[in-house]
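Data block below; observations after.
Where a number appears in this text, it was derived from the coordinates with a stated rule and is not lab data. Quick caveat, the model's predicted, so the values are computed rather than measured. Here the Cβ positions follow ideal geometry from the backbone for every residue, glycine too, while neighbour counts run over all protein chains shown.
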Amino acid sequence: MSQKDYYQILGVARDADKSDIKRAFKRLARENHPDVAEDKAAAEVKFGEINEAYSVLSDDEKKAYYDRYGHAPGANQGDPGGGFGGGGFGGGGFGGFGDLFESLFDLGGGGGRRQQSRPARGADYRMGMRLTLEEAFEGVTKEVELTSDVNCSRCDGKQTLEADGFAQCTTCHGTGQLHQQVRTPFGALTQVVPCGACQGRGRTLKKPCPDCQGRGSVEKKRALQVKVPAGIDTGKLIRMPGEGAPGNLGGPSGDLYLAIEVEAHKTVERRGNDLFTKKSIYFTDATLGGEVTVDVLLGQTETLKIPAGTQNGTVFRFKGKGMPKLDRSSRGDLNVMVEVIVPTKLNAKQKKLLKEFAEAGSQDAEPASLFDKIKDALWGGH
Ligand SMILES: [Zn+2]
Ligand SMILES: [Zn+2]
């Protein structure tokens, strides 16, 4: 038995990088696929070889092992002495045996081997969804577009339209497995490996569905209507049952999860279910008291009654005027912080009145009527 030269099989140089190897594999797999080749028996052997070569050269660990020892971990290397003689275990000592042993059981034990002949549920999809704070405040129905695999409607995921579309794999005679004799320093082992010609399925597709080329699924752009409940916040997931990847062999579809991200708002900040905003008020209103309108979200306004003597930075709370809670039981609060505006430009009359105000004495003795005059002069009354 001769060592297989995986590089030669894939027709790549020994220093070919991962993408070269992948490209070569894809091309060869297409050309030698038993479903399309004229000499199917020869193509199946060749296809198995290509798969085997790629499974080693595309795996960093297996490739390193192959480059060093001239065969894949656990591969059938024929001559009991010669196989290990070439590269030897070098300075690796018993570490090398350990690695080899692990690799043998990896391949032969079948712990992680995929079972592709049973119906299986499709994968879940996850995608992000951005919302404005207004949309989160009110709730919204949003359309999302996604391009994803859906069951081929022509063959209903069965991969073929014909009753005899599949044929038993001639390499493994339908078992999906091959038995390999492997000689190791511990004696001969029989290992079971998935059949490369049929990827362990035990059958090969002879008459693929023309719409999906035998994949059983097709890529399709879909638009979904997503109902987003009021009160939703960043980090929450909305589940769309059955909108994930189609199942294998008639298994149910997976789900689609939309990961919510609520964008920051220009003037309103959200903390949990509470909202915070700022309102600028004139120093006259802060001093004498007054009434202003606060804009919140979506045209919602609140009337803020400012008590006389309100200081800059005072926070007024509107109970139950914040974000709705997701369970609709109640709402958070709206907090309005006032910023007192001090005028920067004064006309002659305003200056005169403010001087009079200052001269009138301490705050306790301030004449209200004078302050009203100043207010009118400054803002024209409101
Ligand atoms: Zn189809
Ligand atoms: Zn097979």
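Brief remarks follow.
- Under 16 Å from LYS345, Cα to Cα: lysines that are on another chain or at least 8 residues apart: LYS355, LYS375
- Site pair GLU339 and THR293 shows an inter-label distance of 2.1 nm when each label is modelled 7 Å from Cα along Cα→Cβ.
- Greater than 28 Å apart at Cα, pairs in LYS227/LYS279; LYS227/LYS321; LYS46/LYS221; LYS279/LYS373; LYS62/LYS220; LYS278/LYS325: LYS227/LYS279; LYS46/LYS221; LYS62/LYS220
- Amide H contacts of THR184 (H built 1.01 Å from N, under 5 Å, at least 5 apart or other chain): LEU189
- Environment charge of GLN311, counting only residues whose C-beta is closer than 13 Å and scoring Lys/Arg +1, Asp/Glu -1: -2
- Neighbourhood charge, 11 Å Cβ-Cβ cut-off, centred on GLU162 and excluding it, Lys, Arg +1 and Asp, Glu -1: +2
- Sorted by Cβ density within 10 Å, fewest first, the residues SER217, SER19, SER330: SER19, SER330, SER217
- Taking 0.36 nm per residue of separation and subtracting the current Cα-Cα distance, fully stretching the chain between ALA308 and ASP59 would add 82.0 nm.
- Within a straight-line Cα-Cα reach of under 13 Å, LYS349 can be paired with the following aspartates and glutamates, leaving aside sequence neighbours fewer than 8 residues apart in one chain: ASP376.
- Simple spin-label estimate for GLN300 and GLU162 in nanometres, 7 Å along Cα-Cβ: 6.5 nm
- With R₀ fixed at 35 Å, the C-beta to C-beta distance from SER153 to LYS22 puts the FRET efficiency at about 0.65.
- Local net charge near HIS265, Cβ-Cβ under 14 Å (Lys/Arg +1, Asp/Glu -1): -4
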